[in-house]
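The values are calculated or read from the model by the stated rules, or taken from the named source; none is laboratory data. Remember, predicted model here, so these are calculated numbers, not experimental data. Positions of Cβ are backbone-derived with ideal geometry, glycine not excepted, and every protein chain shown enters the neighbour counts.
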Amino acid sequence: MSKPKRLPFAMLLDRFLVRATVDEVENITTRMRRIRVTGESLRGLDWTPGQHVRVRVDALTLRSYSVWDFADGRHLDLCVLDHPGAGPGARWSRQVRAGQPVSFTRPQGRLLLRDGAPYHLFVGDETAGVAFGAMLRALPVSARTYAAIEVEGPDDRLPLPRTGDIHWAHRTGPAPVVAALRALDLPAESGAAYVAGEARTCQAVRHHLTAERGWPRSAVAVKAFWAPGKRGLD
Ligand SMILES: Cc1cc2nc3c(=O)[nH]c(=O)nc-3n(C[C@H](O)[C@H](O)[C@H](O)COP(=O)(O)OP(=O)(O)OC[C@H]3O[C@@H](n4cnc5c(N)ncnc54)[C@H](O)[C@@H]3O)c2cc1C
């Protein structure tokens, strides 16, 4: 009896992915491209602000990107940073053009807004700003928010809602976002914190909140997005 044929990994992957078409590519900051995808397959996709998709950036490689905006059945926007490490994800963002096909997983992830929190605190870097933008837009106007976001310089600031509540920390010294967070005048009681971006900075932020400010660990949601020297952290 002949052995059943095994499908190549790339074909198996294809079966699970949502297929769409790139509709627009534009620079949303100096180093970040907003990539809008459209297609019938977007209809009915279930997405909660803070969640990401895993994009097929070459034949066998997936990279995670937070959903910046999703309009059911019409478009889904991603924002991809062109970082100096220039791995397959960054390279894909450089060469992708309107009209090209793109495939990705259904939205997933647990970096989600916490209901009933007395206030919300967002801490991260350029990459984290994408998820934070979607989460901030989803909050009711009455919600209290604080944010500290580390970027290279003013040209790397994403157009986020509630700009008045955002403290931008530029990379001029060591751990600028932790210093910015330390300087934030937060209420005495803990809120809900969302921490994302570079792995060691995420740990330092969690340590600050739990050890220095006395927050319970359960109040701090952490998701490392990347780490120096590591590939495709997920
Ligand atoms: C849940 C989740 C959501 C994410 N959302 C976003 C998003 O919305 N936008 C986005 O741009 N990225 C996001 N990321 C990061 C993204 O998935 C990739 O890790 C990133 O694009 C790097 O992939 P790459 O293939 O270009 O480089 P890789 O091959 O993964 O890495 C190569 C090297 O590049 C360096 N490097 C990687 N990232 C950076 C960086 N940001 N700055 C400086 N150097 C870096 C590191 O030294 C790394 O070893 C997210 C990650 C996760 C886990």
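When the stretch 114-130 is filtered for residues that are surrounded by 24 or more Cβ atoms within 10 Å (Cβ to Cβ) and over 21 Å from ALA175 (Cβ atoms), only VAL130 remains. Considering only residues in the stretch 194-221 that are aliphatic (A, V, I, L, M) and over 15 Å from GLU150 (Cβ atoms), the one that is nearest to the ligand (Cβ to nearest atom) turns out to be ALA221. So which of ASP82, ASP72 ends up being in contact with a helix residue (DSSP H, G or I) (Cβ under 8 Å, 6 or more places away or on another chain) and exposed (fewer than 14 other Cβ atoms within 10 Å of the Cβ)? That would be ASP72, the only listed residue that is in contact with a helix residue (DSSP H, G or I) (Cβ under 8 Å, 6 or more places away or on another chain) and exposed (fewer than 14 other Cβ atoms within 10 Å of the Cβ). The criterion of at least 3 residues that are more than 6 Å from the ligand (Cβ to nearest atom), touching a Cys at 6+ places or on another chain (Cβ under 6 Å) and hydroxyl-bearing (Ser, Thr, Tyr) is met by none of the strands (runs of 3 or more DSSP E) wholly inside the stretch 40-87. Quick one: in the stretch 88-103, which of the residues that are farther than 22 Å from LEU12 by Cα and not small (Gly, Ala, Ser) is nearest to the ligand (Cβ to nearest atom)? The selected residue is ARG91.
Looking across the stretch 12-39, the residues that are part of a strand (DSSP E or B) and without any contact (Cβ under 8 Å) to a residue 40 or more places away in the chain come down to GLU26, ASN27, THR38. Within the stretch 104-126, residues that are over 16 Å from THR163 (Cα atoms) and within 10 Å of the ligand (Cβ to nearest atom) reach partners that are assigned to a loop (DSSP other than H, G, I, E, B) and not hydroxyl-bearing (Ser, Thr, Tyr) with beta carbons closer than 9 Å, at six or more positions or on different chains, in the pairs GLN108/GLN51; GLY109/GLY50; GLY109/GLN51; ARG110/GLY50; ARG110/GLN51; LEU111/GLY50; LEU111/GLN51. On inspection, GLY153 fails the criterion of being exposed (fewer than 14 other Cβ atoms within 10 Å of the Cβ), of a type in the set (Gly, Ala, Ser) and in contact (Cβ under 8 Å) with a residue 40 or more places away in the chain.
Would you mind stating whether VAL178 is of a type in the set (A, V, I, L, M, F, W, C), under 17 Å from the mean Cα position of the chain (by Cα) and surrounded by 12 or more Cβ atoms within 10 Å (Cβ to Cβ)? Criteria not met by VAL178.
Exactly one residue out of ARG162, ARG63 is at pLDDT below 95 and surrounded by 15 or more Cβ atoms within 10 Å (Cβ to Cβ): that is ARG162. Checked against the criterion of being in contact with a helix residue (DSSP H, G or I) (Cβ under 6 Å, 6 or more places away or on another chain), on the phi < 0 side of the Ramachandran plot and surrounded by fewer than 18 Cβ atoms within 10 Å (Cβ to Cβ), the stretch 32-46 contains not a single residue that satisfies it.
Within the bounds of the stretch 202-221, is there any residue that is assigned by TED's automatic domain parsing to the domain that holds LEU139 and touching an Asp or Glu at 6+ places or on another chain (Cβ under 7 Å)?
no
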